[in-house]
Amino acid sequence: MSSLVVKRSVLLAKLIKHVNSEAKRLSSHFVYFPDNGKPVEGETTKMNMMQAINNAMDLTLRSDPTAVVFGEDVAFGGVFRCALGLQEKYGKDRVFNTPLCEQGIAGFGIGLATAGATAIAEIQFADYIFPAFDQLVNEAAKARYRSGGQFPCGALTVRTPCGAVGHGGLYHSQSPEAFFAHVPGLKVVVPRGPTAAKGLLLSCIREKDPCIFLEPKILYRSATEDVPVEDYTLPLGKAQVLREGDAATLVAWGTQVHVLLEVAQKAHDELGVSCEVIDLQSILPWDEETVCNSVKKTGRCLIAHEAPLTSGFGAEVAATVQEECFLHLEAPIGRVTGWDAPFPHVFEPFYLPTVSRCYDELRRLLQY
Amino acid sequence: MSKIIPSAAKLLATNTIPKSAVPIVSTSTAKYSTKKEATFEIKPYKLHKLEKGPATSVILTAEDAINIYEKLAMLRRIETSAGNLYKEKIIRGFCHLYSGQEAIAVGMRTAMRDVDSVITAYRCHGWTHLMGVDLVGVLAELTGRKSGCSRGKGGSMHLYGRNFYGGNGIVGAQVPLGAGIAFAHKYNDDGGVNFALYGDGAANQGQLFEAYNMAKLWNLPCVFVCENNGYGMGTSIERSSASTDYYSRGDFIPGIWVDGMDVLATREATQFAIDYCTSGKGPLLLEMETYRYSGHSMSDPGTSYRTRDEVQEVRQTRDPITSFKEKIITYELATPDQLKEIDTRVRKEVDEATKIAKSDSEIGPEELAADIYYNNLEPEIRGVSPDSPLQHIEVSARN
Ligand SMILES: Cc1ncc(C[n+]2csc(CCOP(=O)(O)OP(=O)(O)O)c2C)c(N)n1
Ligand SMILES: [Mg+2]
């Protein structure tokens, strides 16, 4: 017991050192891995994730006369400028500001979508989606079911920036995907970069069920890729295998995908093992088949997300994997996540499931 | 004189004041003022469902004049320092400045009694200091250090103090809390009144109307204070609100429009509100019309949705500090030298506190798991990094 205490305090000291060296504002905790595969052939252009999202909405407004885009300060692009230039192009009746009232924005969007328009609502930060939670959970999600299929609001898409950004503190950093993953009737999607964002957002907009599209805000400007200029969609409910391997399956979504890609590279360089990295992309519904097939091959599974551990979406993945792959597992399923604490003001680097924390966990799984 | 004041206003009002000793030229040579008090006229209030409003002719004593001036100067200086700290990347998170709106907090605080309470949104640095938290407590919270009034755990939007229920980050969420706090005042029969502040943008949140209804239904001693600074982020009031007469938006709650750039008006209106609420008449709504000089937060330059001229115009003609300064000098309640002394002292105090706020240490990472619950049922916080679990700890005293 006493040796355990000593070990702990040494580790804590190590962590403190680590935190202090990383705790500069705006320092990011990951390296971006651009997409190499192209979902469609043809012309591409350099876009960051903000521009790719802008492009998806632009294409929608151009081709779908019923489409409208709205939210707080959206008229001049929204705080992250994803709707930049759209009002000039499509008019004030199609791209407009709402007052500051998230519950109203969501309810308004549901009504609009139910009445037949393609409604694309922006909630300024995912941290501010909670005033709209009731509308999304009790109204949007259940509309089709409770009306016997007569009054669905599938044409609603709610876009909102989520995740850590280096210095966001308590209310500009949260990742609420698990709350929405608990709601039958909704679809929940998180892109990892520009190419994925464009295809997935276009899918969400055209999807016949209401979608919550969570955009990791740190990627808006830091993630740049050659994105196809034409219209394309990526299937909802489908994961993508970004790196193949046989030693372990690493599962993430959003920014965390890049952390795990780095972990896989490090494992390759330092341990000589190859890990499979899967971007879930869709949280609800999620691609059980791709993940479970991979784990059956590798025998090991690590899931990482920024949101806290308890009831995080990793719990759902882990439960399913152990059920489906029980006899294939060589080690208990590992989760590396945010701590069960509010998102901290001063300890962000310590809170996040960084490369070193994920790598440590991977080694533990490999040595099990 | 009138020619000189505007340029002095400009100097005083810029965010990075080069010299705090503003050279107001005056013919007076007296070192200290001679007049004991003076009477001032206040821009007419607008009333909603009230027969009679606050007094429009108010007396200001020399002593109060000095006190008020010092508070105004202090609030401006705190924000100058906060702005600089942010630019130096010492402040994390978001940082919203109160510059331009000082007359509201200072006027209100001057009228408030010890028993009254306040809850506001994120423009809370100055309020916190006025409610009794020392400068280090405020500035070190902004920098996320140990001596901060929330131990650095809240940051710029979450300052707290005695009878000060916080800076709050979720727009509008603080207002129903205000009704609850007012209920507690009434229930405990302590004679106190709660002031719940919110912006013109927040005024459109549904929860406000729920709070108005509860407050009137139960006749709570609650004063809803709408700080109308013309914008909610980049959206002007005309583009956000079906009615911009915020003082009347409580419908069944009587309301008063107040010139929020005049500290004497805000003081008088607050006095009126306290008398109104403590006489058992229930809630009141005050709209204080004001202006914010900086962008919405430090990451907004504040120039894409309004013109630089608009900002300059307010700075030159309606600045709450310059106009007050001009008044009290003209009416000989204070001398330029006296005010200069105050400016110098305020600057020095803020500079010293800023130094501490920069050099003070952060709490350790073990506090990531501190004070999440009153009583932690499990010894360790959950989160996966298996070799270095964090203990649940209690740092602040439990009550
Ligand atoms: C529920 C919620 N929605 C959105 C935001 C983001 N946000 C922060 S301040 C603000 C504008 C508020 O304007 P106003 O109420 O007029 O206050 P001011 O900033 O002018 O003081 C917005 C949209 C938030 N913090 N909380
Ligand atoms: Mg405002």
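The values are calculated or read from the model by the stated rules, or taken from the named source; none is laboratory data. Owing to the predicted nature of the structure, the values given are computational and were not obtained by experimental measurement. Here the Cβ is made from the backbone with ideal geometry for all residues, glycine too, and neighbour counts use every protein chain on show. For accessibility, only protein heavy atoms count, side chains too; no ligands or nucleic acids. Shrake-Rupley method; radii C 1.70, N 1.55, O 1.52, S 1.80 Å.
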Problem - Scope the stretch B:164-187; condition within 13 Å of B:D116 (Cβ to Cβ) and surrounded by fewer than 18 Cβ atoms within 10 Å (Cβ to Cβ); matching residues - result: B:A184
Completion exercise
Given the conditions (1) closer than 20 Å to B:G167 by Cα; (2) open to solvent by less than 30 Å² (accessible area, probe 1.4 Å); (3) touching a residue at least 60 places away in the same chain (Cβ under 8 Å), every one holds for B:M233 apart from (2)
Problem - Residue under evaluation B:G152, criteria (1) small (G, A, S); (2) under 17 Å from the mean Cα position of the chain (by Cα); (3) surrounded by 22 or more Cβ atoms within 10 Å (Cβ to Cβ); (4) over 30 Å from A:N97 (Cα atoms), criterion not met - result: (2)
Fill in the blank from the handout: Given (1) away from chain B (no Cβ under 14 Å); (2) open to solvent by 10 Å² or more (accessible area, probe 1.4 Å), A:A248 misses just (2)
Practice task
Can you work out which of the residues in the stretch B:167-181 that are within 12 Å of chain A (Cβ to nearest Cβ) and in contact with a Gly (Cβ under 9 Å, 6 or more places away or on another chain) is farthest from B:L284 (Cα to Cα)?
Solution key: B:G169
Exercise for the section: Name, by its number, the condition in (1) of a type outside the set (A, V, I, L, M, F, W, C); (2) open to solvent by 10 Å² or more (accessible area, probe 1.4 Å); (3) not in a strand (DSSP E or B) that does not hold for A:E306. Expected result: (3)
Exercise for the section: Could you check B:S150 against (1) in contact (Cβ under 8 Å) with a residue 12 or more places away in the chain; (2) closer than 30 Å to B:K186 by Cβ and say which number it fails? Expected result: (1)
Completion exercise
Given the conditions (1) more than 16 Å from ligand 1 (Cβ to nearest atom); (2) open to solvent by less than 10 Å² (accessible area, probe 1.4 Å), every one holds for B:I90 apart from (2)
Handout entry: Search result, residues across the stretch B:121-136 that are within 16 Å of ligand 1 (Cβ to nearest atom) and in a loop (DSSP other than H, G, I, E, B)
Key = B:A121, B:Y122, B:R123, B:C124
Completion exercise
Given the conditions (1) more than 14 Å from chain A (Cβ to nearest Cβ); (2) of a type in the set (D, E, K, R); (3) touching a helix residue (DSSP H, G or I) at 6+ places or on another chain (Cβ under 7 Å), every one holds for B:R162 apart from (3)
Problem - Filtered residues of the stretch A:145-174 (kept if of a type in the set (A, V, I, L, M) and either within 14 Å of another protein chain (Cβ to nearest Cβ) or under 30 Å from B:I90 (Cα atoms) (or both)) - result: A:A164, A:V165, A:L170
